[in-house]
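Reviewing the structure listed below.
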Number of protein chains: 2
Amino acid sequence: MRLGVLASGSGSNLQALLDACRDRRIDAEVALVLSNVPGARALERAAAAGVPTACLPSRGQPDRAAYDASLVDRLREAGVGLVCLAGYMRLVTATFLSAFGPGEASRGCPRIVNIHPALLPSFPGLHAQRQALAAGVKVSGCTVHFVDEGTDTGPIIAQAAVPVLDGDDEPALAARILAEEHRLYPAAIGWIAQGRLSLQGRRVLLDGAPAPAPPLRSPDLRAGEVA
Amino acid sequence: MRLGVLASGSGSNLQALLDACRDRRIDAEVALVLSNVPGARALERAAAAGVPTACLPSRGQPDRAAYDASLVDRLREAGVGLVCLAGYMRLVTATFLSAFGPGEASRGCPRIVNIHPALLPSFPGLHAQRQALAAGVKVSGCTVHFVDEGTDTGPIIAQAAVPVLDGDDEPALAARILAEEHRLYPAAIGWIAQGRLSLQGRRVLLDGAPAPAPPLRSPDLRAGEVA
């Protein structure tokens, strides 16, 4: 399966995908990396891995649909079958969604995925880790989901949990979650590449039936001292 | 510390508290069990443990403040220092909240706690497990929190996570979460009995006061697809 990765920033999740493809841990290859930010570190990472890149600056592009149409053109030219958002700091338009919507080969699943640094539906949108700290939760994590028209509202493919510790600041929590992201995103994309996912309402099923537990870390927070 | 437990149903979390007190795993005793439902199994469990009970039927009691005032009277008579909601299917009124609000001995923490079968802030209110299944999350769990005027919105004391499996129905998920509830609730109440918790904004701290969390700027939820 040919992946197109969209990234605006450092691209550490892109790196996790590049590594997983290189090491044959998933049956996929990164065919194209697109960024809307000139000089994004993600572009350097792609180049270092020998992957084609394109940068289409979004700044000063008021026509979002036209911008997305140009992205879609590039992705199609590259033969991309699955679009992976990886720190892509823009909402995708209906133009984009319809170009990579559900297909027969994808068993009715959309062909755009995203990773978000919270246990959705908690803390969608920007600064998820900061939101989690302000809310005082003791468990947070990350979510891989199909992309729909909302902000981080699409069907959930996989989640991983991490503890939030009393002394955490935003960078500390973000780093703990990021380590799980780097594990979870390649795993989820590997399932898609193998055609193992299907949709049942808003539930994403692995192998169409009861499935092994998703990766789950630190199932227990602040318990066990007494019990 | 003398606990007053309010329960409307089977009282399995009450049982976990009774057992933890009996076995001296926590430095507390259940001084009174109140129910709003005649014949609730929770009342039988309390009686079997030799704990005083009272049943004040809430049905046909339109004056909620007056009803809560009568509960508060009973709890005060029993010398209750901490109110534990355990499957209590009513919202408590301001009357109740002010009677068991923050005090000096509680280090500024409210003196009413609740346990909820979801990872709050996801899925507050009724049928949390059903909500989680409908949303298609892969991780859920339970939350012990202080009670405030909202529905399951108070400061979070402890959380435990469990996987949601593809084949889960509501009873299966509820049972998996319940096993964690029975561990987490006594643990959290044990910390309160030891005076180990304090509040810093909405964050509940165990044994101290680390650096304050960064303030939450109002997130622009439409600005970014990925955070």
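The values are calculated or read from the model by the stated rules, or taken from the named source; none is laboratory data. Predicted, not measured: the structure shown is a model, and the values here were computed from it. In this analysis, Cβ positions are derived from the backbone assuming ideal geometry, glycine residues included, and neighbour counts consider all displayed protein chains. Side chains are part of the model used for accessible areas, which takes the heavy atoms of the whole protein and leaves out ligands, DNA and RNA. Shrake-Rupley method; radii C 1.70, N 1.55, O 1.52, S 1.80 Å.
Overview of values
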| quantity | calculated |
| --- | --- |
| Output for the range B:161-196, where each listed residue is open to solvent by 60 Å² or more (accessible area, probe 1.4 Å) and over 27 Å from residue A:143 (Cβ atoms) | B:182, B:194 |
| In the range A:149-160, residue farthest from the other protein chains (Cβ to nearest Cβ) [restricted to those that are in contact with a strand residue (DSSP E or B) (Cβ under 9 Å, 6 or more places away or on another chain) and either open to solvent by 30 Å² or more (accessible area, probe 1.4 Å) or acidic (Asp, Glu) (or both)] | A:153 |
| The range B:136-151, subset assigned to a loop (DSSP other than H, G, I, E, B) and modelled with pLDDT of 95 or more, residue nearest to residue A:184 (Cα to Cα) | B:138 |
| Which listed residue is buried (at least 22 other Cβ atoms within 10 Å of the Cβ) and touching a strand residue (DSSP E or B) at 6+ places or on another chain (Cβ under 9 Å), from A:33, A:37 | A:33 |
| Residue A:85 vs. criteria in contact with a Gly (Cβ under 7 Å, 6 or more places away or on another chain), open to solvent by less than 30 Å² (accessible area, probe 1.4 Å) and not β-branched (Val, Ile, Thr) | no |
| Residue A:133 being open to solvent by less than 20 Å² (accessible area, probe 1.4 Å), within 10 Å of chain B (Cβ to nearest Cβ) and either in contact with an Asp or Glu (Cβ under 8 Å, 6 or more places away or on another chain) or not in a strand (DSSP E or B) (or both) | yes |
| Residue count for the range A:38-78, restricted to those that are over 18 Å from the mean Cα position of the chain (by Cα) and in a loop (DSSP other than H, G, I, E, B) | 15 |
| Unmet requirement for residue A:120, which otherwise passes all of (1) part of a loop (DSSP other than H, G, I, E, B); (2) among the hydrophobic types (A, V, I, L, M, F, W, C); (3) open to solvent by 10 Å² or more (accessible area, probe 1.4 Å) | (3) |
| Residue list for the range A:5-24, restricted to those being surrounded by 17 or more Cβ atoms within 10 Å (Cβ to Cβ) and not in a helix (DSSP H, G or I) | A:5, A:6, A:7, A:8, A:9, A:11 |
| Selection from the range B:118-130 of residues that are more than 8 Å from chain A (Cβ to nearest Cβ) and in contact with an Asp or Glu (Cβ under 7 Å, 6 or more places away or on another chain) | B:124, B:125, B:129, B:130 |
| Inter-residue pairs, beta-carbon under 6 Å, first in the same structural domain as residue B:54 (by TED's automatic domain parsing) and more than 12 Å from residue B:36 (Cα to Cα) and in the range B:66-77, second of a type outside the set (A, V, I, L, M, F, W, C) and surrounded by 14 or more Cβ atoms within 10 Å (Cβ to Cβ), 6+ apart | B:69/B:95; B:75/B:4 |
| Extreme residue, surrounded by the fewest Cβ atoms within 10 Å (Cβ to Cβ), among residues of the range A:96-117 that are more than 14 Å from chain B (Cβ to nearest Cβ) and in a helix (DSSP H, G or I) | A:98 |
| Number of the condition not met by residue B:182 [criteria: (1) under 26 Å from residue A:160 (Cβ atoms); (2) modelled with pLDDT of 95 or more; (3) touching a strand residue (DSSP E or B) at 6+ places or on another chain (Cβ under 9 Å)] | (3) |
